[in-house]
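**Student:** My structure is below; once you've seen it, I'll send some questions.
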Amino acid sequence: MTKEFWIGDVLSGKYDSSEVELCGWVHRTRGSKKIRFLVLRDSTGTLQCVIKREIVGDECFESLSNALIESSIRVKGIVKNTDREHGHELVVESGIVIGHVNPENPFPITESAMSEADGGETEFLLDNRHLYLRTGRMTKMLKIRSTVFGAVHSYFRDREFIEYQAPNFVAGAVEGGSTLFEVPYFGKKAYLTQSWQLYAEAAMPALERLYTIAPSFRAEKSRTRRHLTEFWHAEMEIAWGGNVEVMNHGEALVRSIAGTLLEEREGELIELGRDIGLIQNYADSKYPRMRYDEAIEALQQKGVSVEWGQDLDYSKEKVLTQDFDVPHFLTHYPRIAKPFYHRPDPDDPKYVLCHDLLAPEGYGEIIGGGERTWSESEILERIDEEGTPREPYEFYIDVRRYGGVPHGGFGMGIDRVCAWLSGADHIRETIPFPRDSRRVTP
Ligand code: 4AD
Ligand code: MG
C-alpha cells in the first residue's frame, strides 16, 4: 500500500476538483444518520471530509461513522473548494477503516481526562507521550526540530566540515564528575559521555574541521526548564583556530538555523504563536560579545548577589539576557570556573579563552566552547591543578605530544535551541521522549 496524496497538498489547492485518495487518522467526527463531518489528519495537516449516506452507501457510511477518534482510515473522493474552515473539503465517495479503535478503550487524551488526571495535566501528557506525539503542538515541534538538525548539518557540510563519531561509553569526565552517569562495564566502570569533544580533539590532526550531532548524557539531579539527562549535542572542532574563530562559527551557525527556520517552518512557528520578527532579528543581527568581568559588574549593579570566580547559573544568565534582544556571548571566564581543557589566556592566565552564548528572552546558555589547552606542559598543569587523575586522559595528552596545534570548538544544545526558537516554556516540549531524573518511561 502506498500513499500518493497528502492533505497539505490538498489544502494548497493542488487537487481542486480532482479525485484523491487520502490516508490518515480521525481527528474529530460529528454528524447525523445521513451526513457525517469527519476531520482527517495526516502528518501534513487536517481536512474536513463530508460523508453522505446517499453517496457512499449504507455499509461504508456505517463503518466510517463508527470510526472513533484516532482510528486510521482511507477515503477516496473529490476535492471541493469551500469557504469553510480550511478552504477545502473532501466529498467522500468511498472509504474503509484500516486500524480500528475499540469503543471500550477509546483514545485516552481528552480534555476531561487531562483536567481530571491525578498528577495534573503535564504528568498525564508525559505518561501518554507516545500518543501525545500525534497532537498538533508536538507535530509542529518535531518538524521544527528536524529543520534545526538539517540546518546544523548544512552549515557544517557547506563549509567542508567532516562528520565524525565519538564513543558514548567513556572512561573519564569532560564536564566535571558530578554529572557523570556510571554504567557497569564487564566488571569495570564506564561512563556515558557528556560530550564528543575529547575524542574529536584526537581526530583534529586527521580532519582539521569536524562536527557531530549526537546524544550527550548528564546526571542532572535537579529538574529545570533547560536540563535533560539525555540531550542532543551539536559539536564542532577546528584546527588552527582560537576562541574568536570558534565564536564566529557559533554565531553564524545560530543565525543560519534561525534563517532556515524562517524559510522552512514559518507556518509552524506562527501557529505556535511565535513572533516572526524576533526570529528574523536573530537571523540578521550581529551577536554582541562581553567579558565575564563585565557581566559580573552588570549583575552587581542590578543588585544580584554574585561572586567573582563562580560559574554563572541560570538565575544569573536570565538577568543578563534582559539587556539584549539577540543572543550575546560571555567570554574570558575565570580559570577556576571552567574544566581543565580550556586554555588559559596568555595575556592574563587568571582567565581562560572561552565563551558561552546566551539566548535572549530569558533562555540563557545555548553554546559553550572555546580554545583548547594545546601544549603538553600546559595540559598536565591544568589536569593536576584540577586534581583530576591523568590516567583516563593519556590519549588526550598524546594529542599534544605529537604535533599539538592551536585549536578549539564548541557544543550547542540542540534541544535548548529548539526551545528558544519555538518559544517553548520547557525544554521537554522539544524532544519526543524527554529524560530527566524522574522519568525514563515511556
Ligand atoms: O557547556 P557545555 O557543558 O560544554 C561542553 O560540553 C563542551 N565540551 C562542548 C565543546 O566545546 N565541544 O555543554 C554545551 C552545551 C550547553 O551550552 C547547553 O546548550 C547544552 O550543551 N547542554 C544541555 N542541554 C540540555 N540538557 C543538559 N543537561 C545540558 N547540558 C549542556
Ligand atoms: Mg556550559
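Where a number appears in this text, it was derived from the coordinates with a stated rule and is not lab data. No experiment lies behind these values; they were computed from the predicted model shown. A quick note on method: Cβ atoms are made from the backbone with ideal geometry, for glycine too, and the neighbour counts reach across all protein chains shown.
**Student:** Rounded if a/c is under 1.5, else prolate if a/b is larger than b/c, else oblate: which is the range 160-238, with a ≥ b ≥ c the root eigenvalues of its Cα gyration tensor?
**Tutor:** Numbers: a/c = 2.59, a/b = 1.43, b/c = 1.81.
Taking the square roots of the gyration eigenvalues as a ≥ b ≥ c, the range 160-238 is oblate.
**Student:** For the range 136-198, build the charge dipole from Cβ charges (+1 Lys, Arg; -1 Asp, Glu) around the Cα centre, then report which of Phe181, Asn168, Thr139 sits farthest towards its positive end.
**Tutor:** Final value for the positive-end residue is Thr139.
**Student:** Can you give me the C-alpha center-to-center distance between the range 199-228 and the range 317-364, rounded to a whole angstrom?
**Tutor:** What the calculation gives is 18 Å, centre to centre.
**Student:** Taking a ≥ b ≥ c as the square roots of the Cα gyration tensor eigenvalues, with a/c under 1.5 meaning rounded and otherwise prolate when a/b beats b/c, else oblate, which class fits the range 172-216?
**Tutor:** Note, shape of the range 172-216 comes out prolate.
**Student:** Less than 9 Å Cβ to Cβ from Arg265, Lys/Arg counted +1 and Asp/Glu -1: what total charge do the surrounding residues give?
**Tutor:** On the way: positive: Lys140, Lys143; negative: Glu263, Glu264, Glu266, Glu268.
Result for the local shell: -2.
**Student:** Towards the positive end of the charge dipole of the chain, with charges on Cβ (+1 Lys, Arg; -1 Asp, Glu), say which of Gly57, Ile69, Gly364 has the farthest Cα.
**Tutor:** Gly57
**Student:** Now for a separate question. If you project the alpha carbons of the range 300-353 onto the principal axes, what extent comes out on each, in Å, largest first?
**Tutor:** Extents along the principal axes, in whole Å: 31, 25, 18.
**Student:** With 10 angstrom as the radius, rank Asp313, Asp415 by how many other C-beta atoms surround their C-beta, starting from the fewest.
**Tutor:** Least to most surrounded, the residues fall as Asp313, Asp415.
**Student:** Across 10 Å bins from the origin, how do the percents of Cα pairs in the chain run, short distances first?
**Tutor:** Computed distribution, short to long bins: 4, 18, 25, 21, 14, 10, 6, 2, 0.
**Student:** Give the Rg/Rh ratio for the range 71-130, taking Rg as the radius of gyration of the Cα atoms and Rh as the Kirkwood radius, to two decimals.
**Tutor:** On the way: Rg = 17.1 Å, Rh = 14.7 Å.
Reported Rg/Rh (Cα atoms, Kirkwood Rh): 1.16.
**Student:** Show the residues, 5+ positions off or on another chain, whose built amide H is closer than 5 Å to the amide H of Arg159.
**Tutor:** Amide H neighbours of Arg159, under 5 Å, 5+ apart: none.
**Student:** Continuing with the same structure: So for the pair Ala206, Asp293, with labels modelled 7 Å out along Cα→Cβ, what separation do we get in nm?
**Tutor:** The answer from the label model is 4.2 nm.
**Student:** Which net charge results when you count Lys and Arg as +1 and Asp and Glu as -1 among the other residues whose beta-carbon is under 15 Å from that of Leu142?
**Tutor:** Numbers: positive: Arg41, Arg129, Arg134, Arg137, Lys140, Lys143, Arg145, Arg265, Arg428; negative: Asp42, Glu264, Glu268, Glu271, Asp415, Glu429.
Taking every Cβ under 15 Å from that of Leu142, the sum is +3.
**Student:** Please give the contour-minus-distance gain from Lys221 to Lys189: 0.36 nm per residue of separation, less the Cα-Cα distance, rounded to one decimal in nm.
**Tutor:** Values: separation 32, 0.36 × 32 = 11.52 nm, distance 2.04 nm.
Result: 9.5 nm gained on full extension.
**Student:** Along the positive direction of the dipole of the range 200-263 (beta-carbon charges: Lys, Arg +1; Asp, Glu -1; about the Cα centre), which of Gly241, Tyr211, Thr260 reaches farthest?
**Tutor:** Toward the positive end, the furthest listed residue is Thr260.
**Student:** What list of ³J(HN,Hα) values in whole Hz, one per residue of the range 246-253 in order, does the Karplus curve 6.51 cos²θ - 1.76 cosθ + 1.60 (θ = phi - 60°) give from phi, with Gly and Pro shown as x?
**Tutor:** Per residue, the Karplus-derived 3J(HN,Hα) values read 5, 4, 4, 5, x, 5, 5, 5 Hz.
**Student:** Then there's this: Hey, what angle do you get for helix 136-158 against the long axis of the chain, alpha-carbon based, 0 to 90 degrees rounded to 10?
**Tutor:** 50 degrees
**Student:** How tilted is helix 197-207 with respect to the longest principal axis of the chain? Cα atoms for both, answer in degrees (0 to 90, nearest 10).
**Tutor:** 80 degrees
**Student:** What distance in nm separates the two pseudo spin-label positions at Arg401 and Ser17, each 7 Å out from Cα along the beta-carbon direction?
**Tutor:** 7.9 nm
**Student:** Continuing with this model, one more query. Quick one: which residues, 5+ away or cross-chain, put their amide H under 5 Å from the amide H of Val352? H built at 1.01 Å from N.
**Tutor:** Tyr333, Arg335, Asp345
**Student:** Next question. Where does each of Met290, Met204 land when they are ranked from fewest to most other beta-carbon atoms within 10 angstrom? Kindly include the intermediate steps, with their values, before the conclusion.
**Tutor:** Working: Met290 18, Met204 23.
Final ranking by Cβ density, sparse to dense: Met290, Met204.
**Student:** For the pair Asn66 and Met114, what calculated FRET efficiency results from E = 1/(1 + (r/R0)^6), where r is the Cβ-Cβ distance and R0 = 22 Å, to the nearest 0.05? Let's see the in-between values first.
**Tutor:** Details: r = 25 Å, r/R0 = 1.14.
Efficiency computed from Cβ-Cβ geometry: 0.30.
**Student:** List the residues whose amide H sits under 5 Å from the amide H of Gly364, counting only those 5 or more places along or on another chain, with H placed 1.01 Å from N in the peptide plane.
**Tutor:** Here Ala359 satisfy the definition.
**Student:** Multiplying the sequence separation of Ile276 and Thr82 by 0.36 nm and subtracting their Cα-Cα distance, what value in nm do you get?
**Tutor:** Working: separation 194, 0.36 × 194 = 69.84 nm, distance 2.90 nm.
That works out to 66.9 nm of additional length.
**Student:** Let's test the formula: R0 of 22 Å, r as the Cβ-Cβ distance of Glu391 and Lys350. What FRET efficiency results, to the nearest 0.05? Don't skip to the answer; put the middle values down first.
**Tutor:** On the way: r = 28 Å, r/R0 = 1.29.
Taking R0 as 22 Å, the efficiency between Glu391 and Lys350 is 0.15.
**Student:** If you don't mind, another one. Which value at 222 nm does the chain reach when only helices count, each DSSP H run of 4 or more adding -39,500 (n - 2.57), with the total divided by all residues and rounded to the nearest 500 deg cm²/dmol?
**Tutor:** Numbers: 15 runs with 152 residues, N = 442.
Taking each H run of at least 4 residues, the total per residue is -10000 deg cm²/dmol.
**Student:** Follow-up. Which number do you get for Rg(Cα) / (2.2 N^0.38 Å) in the range 319-442?
**Tutor:** Details: Rg = 17.8 Å, N = 124, 2.2 N^0.38 = 13.7 Å.
Scaled against compact globular proteins, the figure is 1.29.
**Student:** Also, quick follow-up: At q = 0.21 Å⁻¹, what is the log10 ratio I(q)/I(0) for the range 35-108, with the Debye formula run over Cα points and no solvent?
**Tutor:** Calculated log10 I(q)/I(0) at the listed q: -0.93.
**Student:** What does the net charge come to around Pro346 if you take all other residues with beta carbon closer than 12 Å to its beta carbon, with K and R at +1 and D and E at -1? The partial results should precede the final answer.
**Tutor:** Details: positive: Arg343, Lys350; negative: Asp345, Asp347, Asp348, Glu371, Glu378.
Around Pro346, the charge tally is -3.
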